[in-house]
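Below: the structure, in structure tokens.
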Amino acid sequence: MPPSNGRGRGRGGLFAEALACLRETDPDRKADLTRRVAAAWRAGHLSLDDTTTPFEPLDEPGRPERPELVPPRALAKRSAQGGGGTGKGGGKGRAALIHAVAHIEFNAINLAWDAVHRFRGLPRAYYDDWVRVADEEAQHFGLMRDRLRSLGQDYGDFPAHDGLWSMARRTAADPLVRMALIPRVMLSGYDRLLWPVVYRTLGYVTGLIARLPPPIELSRAAWQWDPHVNAFFASASDLPLVVSRTRELQDFFRRRPGATQAFAIMTSTRKEKQVFGISLQEDMVRRDVAQTSVGFLEPLLLGPSATETEVREEARRCALKLFIGLARERVSKFQGRREGLERERQIQETRLRSLRARARDQAPNAEVQAKIAAAERSLAENADELKALGGPRIRLEAVLEEVRAVLAAPEDQLILAPASLRVDRLGIKQESGTAMPANDLSLLECTTASSRRVITLVRCPREEMLTMDQIAERMDPYLASQLGMRGD
């Protein structure tokens, strides 16, 4: 049964229910409401297309007046063993420890619903996961509170800290930072190591996105008058086919039947090649003139959004996702180096044992002793290399240092540089100062270690979208144009 009114209809969707759970201040009612909302979501009673509930930022979630929130260092050390105080253990010490766990579970309910309410437009599986997390944390909180009450205590009887929600406020701008970076280090106390470089990367990415010019219109009409659109597509008829074959854009318009346009990020690879063509030189038409043809290949439309503001935020998320991928790649290489050294150590140790056994079983042999010495040197070098990587066991600090190295210098990982060129309507590059009619293009090229792509914000009118039958009819001409044949 839907949780809001019990008559078969909720407050207007999942986001409204998530906000209601966040606002609830009574712990038991919050847990009960969470269980009912989760059940309604699983039963299909709540809609994800909740356009009636705008995002409402909550600086503080709903919670009771107690427990008293104090800095983490002000909390007494908890123990479940020993005497009677909170620091010494005993019954009260055990209750203090259980209270700390209950407080974590209570905060986890709020964090889960904040992840649902705050971050919109994500895949349904994302919301499935976080509704399930909220439900499970509500169950856990109920169990911990019942145990506290059995010990003669209750939730709120001991002070607690607000570290988890404080970190949630600091990571409110982006789900990738919230989900992929901060929780992995906050709960282990490593936020002081990574947060400065995370903040630096966030600032750098925000600056990059601010440099992107306003969106250009992707339409057949714009191909006639916008030099950038003319340069990006070989012919006006190519444009709707490229736009319509983008699955994300199809899904966007399908989910929003009333939308007349979508904003998106377009990337393409600029390629220049030498060709021979016709040129007008000193009032004479010359043939077989060496020219440079400019093309923009492999166009991709990413992150379709309803507004320019939303697409800029999507571009920001894409950039942050790139940094997360770079960090994972670096950590993977780090672990690969360690595993290689571990395998080499095992081989050398086995070889050394075999050589020493041979030395014991036979008369002194200079060749065997030399091999033993070489194996011992190899093992010593191996140990030095492992020590440089953090020792014989993988330590979290060493892994986080690899992540920190990526985020400490974001300008080395992702470069957004302007590029200017003159191109005529046939896609031939013209030098500045020439009399040949040409268009001046101002581009931004995004460079990473593995690619260089032109990046442009675009606006896609719905009327440019083709049906599947129209796409099939146009495929052959489209393929011909990709081979260099330009049309009207």
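The values are calculated or read from the model by the stated rules, or taken from the named source; none is laboratory data. Every value quoted in this text rests on a predicted model; they were computed, and no experiment measured them. Cβ atoms come from the backbone with ideal geometry, glycine included; neighbour counts cover every protein chain shown. Only protein heavy atoms, including side chains, enter the accessible area calculation; ligands, DNA and RNA are left aside. Shrake-Rupley method; radii C 1.70, N 1.55, O 1.52, S 1.80 Å.
Overview of results
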| read-out | value |
| --- | --- |
| Glu367 vs. criteria open to solvent by less than 80 Å² (accessible area, probe 1.4 Å), out of contact with any Leu (no Cβ under 7 Å at 6 or more places or on another chain) and part of a helix (DSSP H, G or I) | no |
| Members of segment 433-451 found to be within 18 Å of Ala419 (Cα to Cα) and either within 20 Å of the chain's Cα centre (by Cα) or free of Cβ contacts under 8 Å to residues at least 12 places away in the same chain (or both), listed by number | Gly433, Cys446, Thr447, Thr448, Ser451 |
| Candidate set from segment 333-351 (those that are within 29 Å of the chain's Cα centre (by Cα) and crowded, with 16+ Cβ neighbours inside 10 Å); member that is nearest to Val368 (Cα to Cα) | Arg338 |
| Counted residues, segment 99-130 - those being buried (at least 22 other Cβ atoms within 10 Å of the Cβ) and touching a Lys or Arg at 6+ places or on another chain (Cβ under 8 Å) | 5 |
| Cross-chain or 6+ apart pairs with Cβ under 7 Å, segment 315-334 first and modelled with pLDDT of 85 or more, then open to solvent by 20 Å² or more (accessible area, probe 1.4 Å) and not in a helix (DSSP H, G or I) | Cys318/Leu302; Leu322/Thr448 |
| Residue check, Gly91 modelled with pLDDT under 80 and assigned to a helix (DSSP H, G or I) | yes |
| Unmet criterion (only one of (1) modelled with pLDDT of 95 or more; (2) loosely packed, with under 11 Cβ neighbours inside 10 Å) for Ala262 | (2) |
| Residue list for segment 238-255, restricted to those being among the acidic types (Asp, Glu) and under 21 Å from the mean Cα position of the chain (by Cα) | Glu248, Asp251 |
| Count of residues meeting criterion [over 19 Å from Arg317 (Cβ atoms) and of a type outside the set (D, E, K, R)] in segment 103-148 | 21 |
| Enumeration of residues in segment 148-166 that are surrounded by fewer than 16 Cβ atoms within 10 Å (Cβ to Cβ) and on the phi > 0 side of the Ramachandran plot | Gly152 |
| Some residue of segment 371-381 being at pLDDT below 90, among the charged types (D, E, K, R) and farther than 28 Å from Asp238 by Cα | no |
| Condition check for Asp251: touching a strand residue (DSSP E or B) at 6+ places or on another chain (Cβ under 7 Å) and of a type in the set (Asp, Glu) | no |
| Sole exception among (1) assigned to a strand (DSSP E or B); (2) on the phi < 0 side of the Ramachandran plot for Leu322, by number | (1) |
| Given (1) more than 30 Å from Ala438 (Cα to Cα); (2) modelled with pLDDT of 85 or more, number of the condition Ser420 does not satisfy | (1) |
